[in-house]
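Engineer: Okay, handing you the structure first.
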């Protein structure tokens, strides 16, 4: 008898690009599931998450510095600057060398801008 989990893992390994597209689409369609899954994973893997953040921050020091400065300067979120949007915003840097120059964009508009 063939193990279905083996077949599924084998399919994922041989179709990695398709799997990544599927996962991205699923995360967009079911954001609450995605958040819940991350929270569950994070509770079990805090040390792994911390190590990944360290590696990322060391690889992107200018970006990390800009994020920390902006967070310290503007600890409370403001509303999105896009006309008609009343959602709370996220800090967006056009240029990481200018850490205090930020725009407040809601999550939706921030992602749209990042995709361009």
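Engineer: Residues that are in the same structural domain as residue 11 (by TED's automatic domain parsing), under 16 Å from the mean Cα position of the chain (by Cα), assigned to a loop (DSSP other than H, G, I, E, B) and closer than 23 Å to residue 112 by Cα: does region 26-39 have at least one?
Structural biologist: yes
Engineer: Tally time: how many residues in region 83-99 are exposed (fewer than 11 other Cβ atoms within 10 Å of the Cβ) and touching a residue at least 12 places away in the same chain (Cβ under 8 Å)?
Structural biologist: 1
Engineer: Based on this model, can you work out whether residue 35 counts as exposed (fewer than 14 other Cβ atoms within 10 Å of the Cβ), over 29 Å from residue 8 (Cα atoms) and at pLDDT below 90?
Structural biologist: When the stated conditions are applied, residue 35 does not pass them.
Engineer: Residue check: is residue 78 under 26 Å from residue 12 (Cα atoms), over 14 Å from the mean Cα position of the chain (by Cα) and free of Cβ contacts under 8 Å to residues at least 40 places away in the same chain?
Structural biologist: In short, no.
Engineer: Name every residue in region 17-27 that is surrounded by 10 or more Cβ atoms within 10 Å (Cβ to Cβ) and out of contact with any helix residue (DSSP H, G or I) (no Cβ under 6 Å at 6 or more places or on another chain), in order of residue number.
Structural biologist: Within region 17-27, 18, 20, 21, 22, 23, 24, 25, 26 meet the criteria.
Engineer: Still on this structure: Hey, can you tell me all the residues within region 55-82 that are assigned to a helix (DSSP H, G or I) and either exposed (fewer than 11 other Cβ atoms within 10 Å of the Cβ) or in contact with a helix residue (DSSP H, G or I) (Cβ under 6 Å, 6 or more places away or on another chain) (or both)?
Structural biologist: 55, 57, 58, 59, 61, 64, 72
The values are calculated or read from the model by the stated rules, or taken from the named source; none is laboratory data. From a predicted model like this one, the values you see are computed outputs, not experimental measurements. Here Cβ is always computed from backbone atoms with ideal geometry, including for glycine, and neighbour counts include all displayed protein chains.
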